[in-house]
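Single-structure report; data block below.
The values are calculated or read from the model by the stated rules, or taken from the named source; none is laboratory data. Just so we're clear, the structure is a prediction, and the values are computed from it rather than from any experiment. Cβ: placed from backbone, ideal geometry, glycine included. Neighbour counts: every protein chain shown.
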(Lines give C-alpha, C1' and ligand atoms only; values in the text may rest on other atoms or scores of the structure.)
Protein backbone atom coordinates (compact mmCIF):
# COMPACT_ATOMS: atom_id res chain seq x y z
CA UNK A 1 0.00 0.00 0.00
CA UNK A 2 2.82 2.40 0.85
CA UNK A 3 4.44 1.84 -2.54
CA UNK A 4 1.16 2.44 -4.38
CA UNK A 5 0.44 5.57 -2.30
CA UNK A 6 3.89 6.96 -3.03
CA UNK A 7 3.26 6.56 -6.76
CA UNK A 8 -0.38 7.68 -6.92
CA UNK A 9 -0.45 10.07 -3.95
CA UNK A 10 -3.07 10.29 -1.21
CA UNK A 11 -6.12 12.52 -0.83
CA UNK A 12 -5.67 15.73 1.11
CA UNK A 13 -1.92 15.81 0.48
CA UNK A 14 -1.41 13.21 3.24
CA UNK A 15 2.23 12.10 3.45
CA UNK A 16 3.55 8.69 4.46
CA UNK A 17 6.18 9.21 7.16
CA UNK A 18 7.18 5.59 7.65
CA UNK A 19 6.58 2.07 6.46
CA UNK A 20 6.64 -1.32 8.21
CA UNK A 21 7.58 -4.47 6.31
CA UNK A 22 6.76 -7.59 8.31
CA UNK A 23 8.42 -10.80 7.12
CA UNK A 24 8.03 -9.79 3.51
CA UNK A 25 8.60 -11.74 0.32
CA UNK A 26 9.26 -9.86 -2.90
CA UNK A 27 11.71 -10.14 -5.71
CA UNK A 28 13.23 -7.74 -8.22
CA UNK A 29 13.81 -8.28 -11.92
CA UNK A 30 17.17 -9.99 -11.24
CA UNK A 31 17.98 -12.44 -8.43
CA UNK A 32 20.19 -11.10 -5.62
CA UNK A 33 22.78 -13.48 -4.18
CA UNK A 34 21.26 -16.93 -3.70
CA UNK A 35 17.72 -15.62 -4.25
CA UNK A 36 15.66 -17.62 -6.76
CA UNK A 37 13.82 -15.84 -9.55
CA UNK A 38 10.04 -15.51 -9.61
CA UNK A 39 7.70 -14.40 -12.39
CA UNK A 40 4.78 -13.26 -10.22
CA UNK A 41 5.90 -9.64 -9.97
CA UNK A 42 6.67 -8.81 -13.59
CA UNK A 43 6.20 -5.07 -14.12
CA UNK A 44 6.01 -4.29 -10.40
CA UNK A 45 7.36 -0.84 -9.45
CA UNK A 46 10.83 -0.50 -7.93
CA UNK A 47 11.12 -0.30 -4.16
CA UNK A 48 13.29 2.78 -4.71
CA UNK A 49 10.00 4.71 -4.91
CA UNK A 50 8.76 3.52 -1.51
CA UNK A 51 7.11 6.43 0.28
CA UNK A 52 8.30 7.93 3.53
CA UNK A 53 11.71 8.51 4.96
CA UNK A 54 11.66 5.77 7.62
CA UNK A 55 11.37 2.02 7.25
CA UNK A 56 11.03 -0.66 9.91
CA UNK A 57 11.76 -4.17 8.69
CA UNK A 58 11.21 -7.22 10.86
CA UNK A 59 12.71 -10.53 9.83
CA UNK A 60 13.35 -13.87 11.43
CA UNK A 61 16.81 -15.40 11.40
CA UNK A 62 15.72 -18.03 8.86
CA UNK A 63 13.86 -15.52 6.64
CA UNK A 64 15.37 -13.68 3.62
CA UNK A 65 16.20 -9.97 3.55
CA UNK A 66 17.62 -8.51 0.33
CA UNK A 67 18.80 -5.03 -0.51
CA UNK A 68 16.74 -2.67 -2.68
CA UNK A 69 17.33 0.75 -4.19
CA UNK A 70 15.19 2.53 -1.57
CA UNK A 71 16.94 5.41 0.20
CA UNK A 72 15.93 6.25 3.74
CA UNK A 73 16.43 5.33 7.38
CA UNK A 74 16.08 1.61 8.10
CA UNK A 75 15.52 -0.03 11.44
CA UNK A 76 15.87 -3.78 11.63
CA UNK A 77 14.33 -6.13 14.16
CA UNK A 78 15.60 -9.69 13.91
CA UNK A 79 14.34 -12.44 16.16
CA UNK A 80 16.88 -15.26 16.15
CA UNK A 81 15.78 -18.85 15.71
CA UNK A 82 12.35 -17.95 14.33
CA UNK A 83 10.64 -18.83 11.06
CA UNK A 84 8.70 -16.59 8.67
CA UNK A 85 5.66 -14.91 10.30
CA UNK A 86 6.25 -16.64 13.65
CA UNK A 87 4.65 -13.74 15.54
CA UNK A 88 1.23 -14.35 14.00
CA UNK A 89 0.75 -17.90 15.24
CA UNK A 90 2.79 -18.06 18.44
CA UNK A 91 2.59 -15.58 21.31
CA UNK A 92 6.15 -16.09 22.58
CA UNK A 93 8.67 -13.78 24.21
CA UNK A 94 10.15 -13.17 20.73
CA UNK A 95 6.69 -12.23 19.42
CA UNK A 96 6.24 -9.80 22.33
CA UNK A 97 9.66 -8.32 21.61
CA UNK A 98 8.76 -7.82 17.94
CA UNK A 99 5.45 -6.12 18.81
CA UNK A 100 7.22 -3.84 21.31
CA UNK A 101 9.73 -2.86 18.60
CA UNK A 102 6.88 -2.09 16.19
CA UNK A 103 5.10 0.05 18.80
CA UNK A 104 8.29 2.03 19.50
CA UNK A 105 8.75 2.64 15.76
CA UNK A 106 5.17 3.83 15.32
CA UNK A 107 5.33 6.43 18.10
CA UNK A 108 8.53 8.10 16.83
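Of the numbered criteria (1) within 17 Å of the chain's Cα centre (by Cα); (2) at pLDDT 85 or above; (3) at positive phi, the one residue 52 fails is (2).
Would you pick out the residues in segment 55-79 that are surrounded by fewer than 11 Cβ atoms within 10 Å (Cβ to Cβ) and at pLDDT 80 or above? Scanning segment 55-79 gives no hits. Of all residues being within 12 Å of the chain's Cα centre (by Cα) and under 21 Å from residue 107 (Cα atoms) in segment 15-31, which is modelled with the lowest pLDDT? Just the residue, please. Result: 23. Counting only residues that are in a loop (DSSP other than H, G, I, E, B) and more than 9 Å from residue 23 (Cβ to Cβ), segment 84-95 holds 3 of them.
Consider residue 82 carefully, then state whether it is at pLDDT below 75, farther than 20 Å from residue 1 by Cβ and buried (at least 16 other Cβ atoms within 10 Å of the Cβ). Taking the combined requirement at face value, the residue does not satisfy it.
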